[in-house]
Every structure is written in C-alpha cells, then in structure tokens.
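What follows is a short report on a single structure.
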Amino acid sequence: MNRPYPAPRGTVLLLSCMDLRLLDETVQFMAGDNLLNRYDQFILAGCSLGADMNQHWETAFFDHLDVACKLHNIQDVYLLEHRHCGAYQVFLGEAGTFDDSAPGQEQERLKHRDYAHKLAEKINAWGQQHGRPLRVRSFLMDLRGHVELLDAVI
C-alpha cells in the first residue's frame, strides 16, 4: 500500500484509543508502516479527545512522551483516532454520536481531526520547548481497520 506521507524516521510514539475492537488492526496498521516492534504505545479513552478532556491524562501523556523520547529517541508521533468511539459519546454526549450517513461520517471525521490537530499543536510546542522536533501525524481508523490520514504532516 502506498502511503501519502513520508516514512517514519525511527521509533514512533503511538497514541491510540482503548477500544478493544481494534487491537489487532492497530498492530497491522503499524506493521504496514514498517514499525513492527519499533513503536511505543500510550492508550487513552478517546485518544486525542481523552487528553483534551482530562488534564491528568494530558499530563500523563506528556510525561510518557518525555520518557519515550529519552529512551527511544522518538521523532514521530502517531495519533490513531477511530470511528464510532464510545469515549466521544461519554465525553461529548450527543455531539459525540455520529450516524453512518455521508454527512454523519464527515462530521465525525472533522471532530476527530479537530481534536487530533489540537493535541498535535501541543505536541509540537512541547517538542520545541524540549529541543526535540517531532513530526506528528493523525489518522482515523474505521471499524474494519481501514485507515485514512486526517492531516498532512503537522
């Protein structure tokens, strides 16, 4: 599969959601980027939304990112969002519930993109502050494991 973004430069930090339906698909996606056994994973309910909704979780994520950078020289961060995320419904209520219509799917894609972009900006600021330039990519996985790039390299 031809990916529309540059290959990762080394070890990657992956932030993903806790959804048990997509564990195998997440590993397959990472292997497709030649990252088998070359990524650290941090899991938050709601992925980027979880970091935004809970200050403790955001702090834990950045603490983990710091350790991962020190241990594994992280240069790339992947934010792997997914469709039909229960955490979106828990945190956002009706605003986090999307139907399968084309407009519903587009609203869902945009909501995930917005939260991922918000976290990506914080990651970039953290990287600059710590002298570690990081390349952040955000993705959206459907429940069959198909993945689309949400943003170009941020």
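Can you confirm whether Tyr78 is among the aromatic types (Phe, Trp, Tyr) and under 15 Å from Ala120 (Cα atoms)?
Values: among the aromatic types (Phe, Trp, Tyr): yes; under 15 Å from Ala120 (Cα atoms): yes.
So Tyr78 fits the description; yes.
The set of residues in region 1-49 being of a type in the set (S, T, N, Q) and at pLDDT 95 or above consists of Ser16, Thr26, Gln28, Gln41, Ser48. A single entry from Phe62, Phe29, Phe42, Phe98 fulfils the requirement of being on the phi < 0 side of the Ramachandran plot, surrounded by fewer than 18 Cβ atoms within 10 Å (Cβ to Cβ) and of a type in the set (Phe, Trp, Tyr): Phe62.
Is it true that some residue in region 77-89 is part of a helix (DSSP H, G or I), over 17 Å from His146 (Cα atoms) and among the small types (Gly, Ala, Ser)? Scanning region 77-89 turns up at least one residue that is part of a helix (DSSP H, G or I), over 17 Å from His146 (Cα atoms) and among the small types (Gly, Ala, Ser). Residues satisfying the criterion are absent from region 62-71 (criterion: assigned to a loop (DSSP other than H, G, I, E, B) and either touching a residue at least 60 places away in the same chain (Cβ under 8 Å) or not β-branched (Val, Ile, Thr) (or both)).
Condition check ((1) modelled with pLDDT of 95 or more; (2) open to solvent by less than 60 Å² (accessible area, probe 1.4 Å); (3) in contact with a helix residue (DSSP H, G or I) (Cβ under 9 Å, 6 or more places away or on another chain); (4) of a type outside the set (A, V, I, L, M, F, W, C)) across all residues:
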residue	(1), (2), (3), (4)
Ala51	yes, yes, yes, no
Ile74	yes, yes, yes, no
Glu106	yes, no, no, yes
Leu150	no, yes, yes, no
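The values are calculated or read from the model by the stated rules, or taken from the named source; none is laboratory data. These numbers were taken from a predicted model, which means no experiment stands behind them. Note that each Cβ is placed from the backbone with ideal geometry, even for glycine, and that neighbours are counted across all protein chains shown. Side chains are part of the model used for accessible areas, which takes the heavy atoms of the whole protein and leaves out ligands, DNA and RNA. Shrake-Rupley method; radii C 1.70, N 1.55, O 1.52, S 1.80 Å.
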